[in-house]
Amino acid sequence: MRYAINYTPSAGDPLTLAAAQWLGRNPFSGEAMEPPATRDLGLHEIAFNTAVPRRYGFHGTLKPPFRLADGIAEPLLLRNLMHFAGQHERVRLPKLEVVRLGNRFALGPCEHSEALHLLAGAVVQHFDAFRAPLTEAELERADPGHLSAAQFANLYRFGHPHVMDEFRFHMTLTGPLGPQEIGRFEKVLRRHFEPFLERPLEIANLALFVENEPGAPFLVHSLHPLGSVMSRKIA
């Protein structure tokens with residue numbers, strides 16, 4: 001079993017529902033969903049090119065997937081996550097936009113947020129004590145020979161290359177696309193998501209995702225509101 005600490009909007013948020021439709025699966029219920037009908041892409045093209053993000057569910061990674069260390073049980077992780085969330089304030093972003101990351105698409109902030117960067121770093125550091133060390137097979141799959149020096153150090157220190165100064169918040173929408181597909185996917189993604197991206201985004205919770213067995217789809221286990229009860233009432 002693996003866990004991940006992410007951000008995802010609440011189950012009823014319009015962005016959650018739009019992303020679940022696009023990816024073909026609701027990460028809260030596990031329910032399969034039909035991709036949006038569009039004349040620019042076939043349903044099979046959408047399904048094929050969203051297979052990887054569909055398994056992980058709509059989310060922005062804060063603490064990448066990890067196995068629990070020996071002697072750590074789920075209730076202890078949950079208690080610590082609840083306490084940690086209560087000690088850290090919500091983060092407000094101007095808004096998200098459809099962004100291209102190499103040959104993939106995601107939703108990302110329209111500008112850098114230092115508050116979000118600091119929150120992600122705090123999550124990685126605090127919960128590293130709950131993470132089992134990577135196995136040799138896991139290290140090999142990370143392909144350390146192709147990492148920068150900073151990414152290599154992160155992999156061995158925190159179990160993942162793209163954390164701390166290498167972190168970039170994003171919510172993945174596709175797997176890798178071929179050159180002939182990028183333009184068509186970008187057009188459809190903007191049309192599908194932009195109506196839901198007009199308002200600012202508030203990172204209001206930490207979401208615990210769970211992979212029950214290797215290769216199984218990740219599901220939202222629980223949402224943990226950021227900020228003390230008093231500060232949330234004032235907000």
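Okay, here's what the table says:
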read-out	value
All positions within region 148-196 that are over 20 Å from LEU43 (Cα atoms) and hydrophobic (A, V, I, L, M, F, W, C)	ALA149, ALA150, PHE152, ALA153, LEU155, PHE158, VAL163, MET164, PHE167, PHE169, MET171, PHE196
Residue match in region 12-19 (condition: part of a loop (DSSP other than H, G, I, E, B) and either within 15 Å of ALA216 (Cα to Cα) or in contact with a strand residue (DSSP E or B) (Cβ under 8 Å, 6 or more places away or on another chain) (or both))	no
Test: GLY145 is over 17 Å from the mean Cα position of the chain (by Cα) and farther than 30 Å from ARG39 by Cβ	yes
Near pairs, Cβ below 7 angstrom, 6+ apart or cross-chain, from region 130-145 (under 25 Å from LEU208 (Cβ atoms) and touching a residue at least 40 places away in the same chain (Cβ under 8 Å)) to any residue that is of a type in the set (A, V, I, L, M) and part of a helix (DSSP H, G or I)	PHE130/LEU77
Matching residues in region 44-55 - criterion: being of a type outside the set (Asp, Glu) and closer than 15 Å to ARG104 by Cα	ILE46, ALA47, PHE48, ASN49, THR50, ALA51, VAL52, PRO53, ARG54
Leading residue by the ranking (modelled with the highest pLDDT) among those in region 121-171 that are in contact with an Asp or Glu (Cβ under 7 Å, 6 or more places away or on another chain) and buried (at least 16 other Cβ atoms within 10 Å of the Cβ)	PHE158
Helices (runs of 4 or more DSSP H) within region 36-114 that include 2 or more residues without any contact (Cβ under 8 Å) to a residue 24 or more places away in the chain and of a type outside the set (Val, Ile, Thr)	43-49, 74-86
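The values are calculated or read from the model by the stated rules, or taken from the named source; none is laboratory data. Bear in mind that the values here come from a model prediction, so they are computed numbers and not experimental data. With ideal geometry, Cβ positions are generated from the backbone for all residues, glycine too; neighbour counts draw on all protein chains shown.
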